[in-house]
Structures are given as C-alpha cells and as structure tokens.
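Everything below concerns the one structure shown next.
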Amino acid sequence: MKKNQGFTLVEVLASVTILFIIGTSFFQFFIHAQRETTESEMKLEALNIAQTVFERIEHGEYPEVTGAGTFNKGNCADDECIGRYDFKLNKKRYEVEIRVTPSDLDLSFVEVYVTDNDGTDKSSVKGLMDL
C-alpha cells in the first residue's frame, strides 16, 4: 500500500499559477479603483473652486468682472489678480476662466470654468448674476 505524503511538483505549480492569475485580476481592480478615485477627487476639488469663484464674483471680489467678456489670468497685470485665477490645492494646479454674456434680463450669464495643468476641463458652474 502506497501512502500519499504530499503534493507533486505539477500540482504545486498548477496551484501557484492559478493563485497568481487570480491575484493579478484583483490587483488590476485595485489599480483601476485608485485611478477613478483620484479623478473623482480632482473633479470635486474643481467644482468647489468653481462654486467659490462664482460666489466671490457675486460679492465683488473680482473687480475686473464688470460686464461681458472673457476673464482669466492672461488679462491680469498684477500678481494679486493672477492669484484670483490660479489655484493650487493638494499639490495640483487649477486655472479659472470666467465668461460673461449679457442676457435679455437685467442680469448677466456667468460661466466659471476650471481646468487642470493640461488644460482639461474639470468642472464648471453657470448662472445668472447682477454685475
């Protein structure tokens, strides 16, 4: 009578290969989840910046925004003005562009766009405002 005292080399290699394939699949899932989380975080940060800028325009903290036009840091002459359009948050840089269009009402249509370093639009806020 022969006793089984362990696994053969083929069985061990097959088991290790199967575990490696399963582990790789799970690892890919976690990498993808991390990328999506980072992208969602950037979009949320950009949305918060856009909302903050929109509210600051309403409260007069962007004195150059007085009527129709496109406003960004390219229109600025001093560092204080540039700082209103250039944000650094969590080691990421965002730029703001404000577009104002007159409307039929006594209000202006204001759009605040936030882009990342690459110029990719991340978020925007739009609304009517009395300038």
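Please treat every number below as a calculation from the coordinates, not as lab data. This is a predicted model, so every value here is computed, not measured. Because the Cβ atoms are built from the backbone with ideal geometry, glycine has one as well, and the counts that use them run over all protein chains shown.
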Taking residue 40 and the conditions (1) outside any helix (DSSP H, G or I); (2) surrounded by 10 or more Cβ atoms within 10 Å (Cβ to Cβ), which numbered condition does it fall short on, given that it satisfies the others? (1)
For the range 62-100, which positions are touching a residue at least 40 places away in the same chain (Cβ under 8 Å) and not β-branched (Val, Ile, Thr)? 67, 68, 89, 90, 92, 94
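Look through the range 70-105, keep the residues that are of a type in the set (Val, Ile, Thr) and within 19 Å of the chain's Cα centre (by Cα), and return whichever of them is farthest from residue 119 (Cα to Cα). So that I can check it myself, show each step before the final result.
Of the range 70-105, the ones of a type in the set (Val, Ile, Thr) are 70, 82, 96, 98, 100-101.
If we keep only those that are within 19 Å of the chain's Cα centre (by Cα) as well, we get 96, 98.
Numbers: 96: 10, 98: 15 Å.
Ranking the qualifying residues of the range 70-105, first place goes to 98.
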